[in-house]
1. Tell me, please, whether a residue that is at pLDDT below 80, aliphatic (A, V, I, L, M), within 30 Å of THR219 (Cα to Cα) and part of a helix (DSSP H, G or I) can be found in region 88-109.
2. Only residues that are under 20 Å from GLY86 (Cβ atoms) and small (Gly, Ala, Ser): list them for region 1-47, please.
3. Is region 184-198 home to any residue that is open to solvent by less than 30 Å² (accessible area, probe 1.4 Å), more than 26 Å from THR5 (Cα to Cα), modelled with pLDDT of 75 or more and assigned to a helix (DSSP H, G or I)?
Amino acid sequence: MTLSTYFAFLGVAVILAVTPGPDTLLSLRYALVSRRAGALAAAGSSVAMFVWAALAALGLAALFEASDIAYYVVSLLGGCYLLVLGARTCLTARGRFRNAAVITAAGLQRATPAKKRTTTTPLTPFFAGIATCMTNPKVGLFFLALFPQFTPTAMGPVFAIAVLGGTVVVTVYAYLIGIVMMVDAANRWLSNPRVTGWIELVSGLTLLGLGIYMVIAGTVGLAL
């Protein structure tokens with residue numbers, strides 16, 4: 001692989017990273033909880049993406065290209081998971097709006113911002129990132145379509161996994177961590193429960209929309 005070819009691949013990785021998707025929304029959603037939670041969600045998505053890279057390099061992701069049923073089943077499962085995440089996020093937004101209403105009614109607009117809620121377990125965001133990415137078959141198809149174009153003929157799966165997969169994972173992780181850090185830097189502004197409530201609500205509705213799309217696509221595909 002020449003340096004120019006690698007930079008071309010890096011450009012594709014950057015485009016993938018900055019394209020909004022479930023992983024971006026999940027990192028943003030958990031960054032509202034804490035910087036650590038957001039970083040764990042980003043790490044989980046990156047680990048799952050590396051697994052997809054390995055599956056694609058080993059040819060296992062070709063199953064989705066050869067079998068419509070396998071693709072639609074994973075899409076259906078992923079859509080259901082996004083629906084659960086979206087519903088939970090919307091419920092969190094409702095709780096934030098209620099807190100804002102209580103603060104306003106009590107005349108405590110200048111009171112100390114409410115503490116950020118904690119997740120069920122410290123690793124909840126990490127496993128949520130893994131589940132969100134692993135139930136998105138489009139990630140596997142992305143690697144499957146990309147690897148043959150950039151893998152030298154003399155190189156095997158190890159090169160594709162370590163160099164190409166590693167490049168994509170590092171690029172995506174850096175972008176997600178950047179989002180988490182920006183949210184954390186804006187913590188004072190985001191401490192307003194009404195502001196965070198709207199962000200949670202938009203994120204939740206978007207996740208619900210993506211989930212509905214994936215469920216419909218999976219259901220229709222299996223029915224045909």
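1. Initial filter on region 88-109 (at pLDDT below 80): 88-109.
With aliphatic (A, V, I, L, M) added as a condition, the list becomes 91, 93, 100-103, 105-106, 108.
Now drop any that are not within 30 Å of THR219 (Cα to Cα), which leaves 91, 93.
Of the ones still in play, those that are also part of a helix (DSSP H, G or I) are 91, 93.
Scanning region 88-109 turns up at least one residue that is at pLDDT below 80, aliphatic (A, V, I, L, M), within 30 Å of THR219 (Cα to Cα) and part of a helix (DSSP H, G or I).
2. Of the residues in region 1-47, the ones under 20 Å from GLY86 (Cβ atoms) are 19-33, 37-38, 40-42, 44-45.
Answer for region 1-47, where residues must be under 20 Å from GLY86 (Cβ atoms) and small (Gly, Ala, Ser): GLY21, SER27, ALA31, ALA37, GLY38, ALA41, ALA42, GLY44, SER45.
3. Checked region 184-198: no residue is open to solvent by less than 30 Å² (accessible area, probe 1.4 Å), more than 26 Å from THR5 (Cα to Cα), modelled with pLDDT of 75 or more and assigned to a helix (DSSP H, G or I).
Residue-by-condition table, conditions (1) at pLDDT below 90; (2) within 13 Å of the chain's Cα centre (by Cα); (3) open to solvent by 30 Å² or more (accessible area, probe 1.4 Å):
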position	(1), (2), (3)
GLY21	yes, yes, no
LEU26	yes, yes, no
ALA31	yes, yes, no
ALA42	no, yes, no
SER46	no, yes, no
ALA53	yes, no, no
LEU58	yes, no, yes
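The values are calculated or read from the model by the stated rules, or taken from the named source; none is laboratory data. Computed from a predicted model, the values in this text were never measured in an experiment. Because the Cβ atoms are built from the backbone with ideal geometry, glycine has one as well, and the counts that use them run over all protein chains shown. Just the protein is used for accessible areas: all its heavy atoms, side chains included, with ligands, DNA and RNA removed. Shrake-Rupley method; radii C 1.70, N 1.55, O 1.52, S 1.80 Å.
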